[in-house]
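Shown next, in structure tokens, is the structure this report addresses.
The values are calculated or read from the model by the stated rules, or taken from the named source; none is laboratory data. All figures in this text were calculated on a predicted structure; none of them were measured in a lab. Methodologically, a virtual Cβ is constructed for each residue, glycine included, from the backbone with ideal geometry; neighbour enumeration extends over all protein chains shown.
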Amino acid sequence: MARETQSTSSMEEEEEEEIFSDSDPSYSSDEYTVDRQEEEEEANDHDDDGDGGQSTAHHPPSDQDLKSKNVDALLRGNLIVRRQPLLPRVLSVTEGAAVCRKPFKLPCSNGYGNGNEQLARRLWARKRFVPWGSSRPALVAITNRLDVNRTDGTDVVEEIVTLPPGVDPLVLWQPEESEDGPNNLVPIAVDPLLVRFLRPHQREGVQFMFECVSGLYSAANIYGCILADDMGLGKTLQSIALLYTLLRQGFDGKPMVKKAIIVTPTSLVSNWEAEINKWVGERVQLIALCESSRDDVVCGIDSFTSPCSSLQVLIVSYETFRMHSSKFCQSESCDLLICDEAHRLKNDQTITNRALAALSCKRRILLSGTPMQNDLEEFFAMVNFTNQGILGDVAYFRRYYEAPIICGREPTASEEEKMLASERSSELSAKVNQFILRRTNVLLSNHLPPKIVEVVCCKLTPLQSELYNHFIHSKNVKRAITEEAKQSKILAYITALKKLCNHPKLIYDTIRSGSPGTTGFEDCMRFFPPEMFSGRSGSWTGGDGAWVELSGKMHVLARLLAHLRQRTDDRIVLVSNYTQTLDLFAQLCRERRYPYLRLDGTTSISKRQKLVNRFNDPTKDEFVFLLSSKAGGCGLNLIGGNRLVLFDPDWNPANDKLLQGFGEMGKKREFTSTDS
């Protein structure tokens, strides 16, 4: 035992100095045996030498003899290595099953870089055997170890794609011929892998974004751009085409962008990951932080920001970036920033806007179908975020642009004020049009089936009329109107009337719950028909389906669904601003036995895409898709549906942009939208 302890200590001292040979044994193990034939030969030799030819009784070898034979076999190279499973040993420890279920984490925050030699040596699956009586450990080299140098993706076989006939290559930049001779500049072109799918307006968009972010307009202090195309024109594909090009090419032949960050709403993180994998596959090393624990998020960000990391793209939500913005303070952490649904940056005083603005990255791309929703100051915040200082500071912008433009639009404006407003408006447009590109859905008229928009006006039922008149003639509402109450209270009254127009059941629920929204509906329970309630408990039962006829809009919708289900194979998307209305839709579908899917604010991110895929699958018998306008206002591509019903349109048209999104590329059938 003394020798064994001594040898083990020697092994620990020399652990970092030993190098493996590149021999090629097939397996590694903790169990060693000796070939039986060699063992018998050694036993005979031992008997002949030790007893001088005298025969003795055969005794089983002692432990010391077996150890010596193992040592001799190891030194002679007659060692048989047997593989043993690792999992039973892991599960044998305390809470082994729970440990195995936890996600794997990198043992080093710096990743698997070539320069991290110490980590590489520790990850090698080495096996040391210390012979008894030896002062040096014997090394057993294996080749099936983890190759830590294969993380750059260079050995991924890429498919060579050629352009189909009639499709021209998309060359973003061509070096000019120099009189001094050849230079190191090389042309930059989009990979044919993506060019073959780009429509003409998308080729123009990629070219426009490249000219902005590449520094070709550096004299005008332009390094960013805003792509403000309508929904359905393929902003995501255009961004991916530019991103993939900059990750592989540059003016001097080296990639212009080494690391890029895509910031998007939480619900779109997985969608961006899926889109990049769809178009470029594994050619881009990316990490998407979606539904991850805090430890996993920190580990992922540390891995991305590490200088020796091979990760090229980080997809993260606005909230996650805000909470961990301090980790991106390094100047090399980002070369290109892409912000999806960038109208979230319309307020430059928010913590999220400030955190992103502090990022040391000049190349910025903002994607938004609604770049200006309310006023010019919100527009200034987005423009200043894209190219800081191009319109001066906010005080100068208000004085030089905003004030004259607003003043010239007033009904009482003089001719001079109107002329000045026109001049400043033209000057502002000329400046921002250098880095803002906006196209409308008219471009898709030649590529998509026609879209029909119908506005259906529905009469109120007698119950709705009684409740409506009782509300507007109530003392509280009259007092609020005459005394010019707070704006929030007036908006609450308008919201109550909107719910009443959807269905009186929403008002009934408000009254029963005793919420603050009952103001104006005091003593209204007497208007509801008694057959709608249970005789014993007094709870709402619906009167065996008669509840549908209590709302004019719901009655029309029920007849529309019945007609479409019986005579067509159409699929319908029902959109509402209130989950209470979605509950009524679901009740209608259950009573009429219509198959339906539902997506609202309670739907998890991982389930969202599964619901969308199921609805778009033509082999599934899905008839209705119930959708909350707030939860599904962005990132959903419901190409499986060809009818959309906006049951209660929003006051802000930008919130109804979902209507335009259903006309996205990929539709094969005529699309009808009904606005009630």
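Within the stretch 361-371, if we keep just the residues that are at pLDDT below 90 and over 18 Å from LYS431 (Cβ atoms), the residue that is surrounded by the most Cβ atoms within 10 Å (Cβ to Cβ) turns out to be GLY369. Counting only residues that are closer than 21 Å to GLN249 by Cβ and basic (Lys, Arg), the stretch 259-292 holds 2 of them. Counting only residues that are within 17 Å of ALA288 (Cβ to Cβ) and assigned to a loop (DSSP other than H, G, I, E, B), which one in the stretch 334-358 is farthest from the chain's Cα centre (by Cα)? Among those residues, the one meeting the criterion is CYS334. Flag: SER429 matches the condition of being free of Cβ contacts under 8 Å to residues at least 12 places away in the same chain, polar (S, T, N, Q) and either under 30 Å from ASP523 (Cβ atoms) or not in a loop (DSSP other than H, G, I, E, B) (or both).
For the stretch 235-256, a residue qualifies if it is of a type in the set (A, V, I, L, M) and either buried (at least 23 other Cβ atoms within 10 Å of the Cβ) or out of contact with any helix residue (DSSP H, G or I) (no Cβ under 7 Å at 6 or more places or on another chain) (or both), and the qualifying residues are ILE240, ALA241, LEU242, LEU243, LEU246, LEU247. ASP191 passes every criterion in (1) over 26 Å from GLY369 (Cα atoms); (2) more than 25 Å from the chain's Cα centre (by Cα) apart from (2). Looking at (1) farther than 11 Å from ILE261 by Cα; (2) within 18 Å of the chain's Cα centre (by Cα), which is the only condition LYS362 fails? Every condition holds for LYS362 apart from (2).
Let's see how each residue does on (1) at pLDDT 95 or above; (2) crowded, with 23+ Cβ neighbours inside 10 Å:
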site	(1), (2)
ASN183	no, no
PRO187	no, no
LEU193	no, no
ARG199	no, no
GLY205	yes, yes
PHE210	yes, no
LEU216	no, no
ALA228	no, no
PRO265	no, no
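Total residues in the stretch 591-639 satisfying the condition of being basic (Lys, Arg), assigned to a helix (DSSP H, G or I) and within 18 Å of SER576 (Cα to Cα): the figure is 1.
Per-residue answers, yes or no, for (1) touching a strand residue (DSSP E or B) at 6+ places or on another chain (Cβ under 6 Å); (2) in contact (Cβ under 8 Å) with a residue 12 or more places away in the chain; (3) not polar (S, T, N, Q); (4) not assigned by TED's automatic domain parsing to the domain that holds PRO255:
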{"position": "THR320", "(1), (2), (3), (4)": "no, yes, no, no"}
{"position": "MET323", "(1), (2), (3), (4)": "no, no, yes, no"}
{"position": "PHE328", "(1), (2), (3), (4)": "no, yes, yes, no"}
{"position": "LYS346", "(1), (2), (3), (4)": "no, yes, yes, no"}
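Being small (Gly, Ala, Ser) and either modelled with pLDDT of 90 or more or within 30 Å of HIS503 (Cα to Cα) (or both) is a condition met by no residue of the stretch 435-458. Within the stretch 209-254, the only residue that satisfies the criterion of being hydroxyl-bearing (Ser, Thr, Tyr) and in contact with a strand residue (DSSP E or B) (Cβ under 6 Å, 6 or more places away or on another chain) is SER239.
Counting only helices (runs of 4 or more DSSP H) wholly contained in the stretch 165-282, the ones carrying 2 or more residues that are farther than 30 Å from LYS431 by Cα and of a type in the set (S, T, N, Q) occupy 269-280. Restricted to the stretch 372-390, and to residues that are in contact with a helix residue (DSSP H, G or I) (Cβ under 6 Å, 6 or more places away or on another chain) and assigned to a loop (DSSP other than H, G, I, E, B), which residue is modelled with the highest pLDDT? Checked the stretch 372-390; the qualifying residue modelled with the highest pLDDT is MET372. When LEU336, LEU345 are screened for being within 28 Å of ASP393 (Cβ to Cβ), at pLDDT 95 or above and not aromatic (Phe, Trp, Tyr), only LEU336 passes.
Set side by side, the residues LEU582, LEU506 differ, and just one is surrounded by 20 or more Cβ atoms within 10 Å (Cβ to Cβ) and at pLDDT 90 or above, which is LEU582. Looking at CYS308, CYS299 in this structure, which one is in a loop (DSSP other than H, G, I, E, B) and either of a type in the set (Phe, Trp, Tyr) or over 30 Å from VAL161 (Cα atoms) (or both)? Result: CYS308 is the single residue among CYS308, CYS299 that is in a loop (DSSP other than H, G, I, E, B) and either of a type in the set (Phe, Trp, Tyr) or over 30 Å from VAL161 (Cα atoms) (or both).
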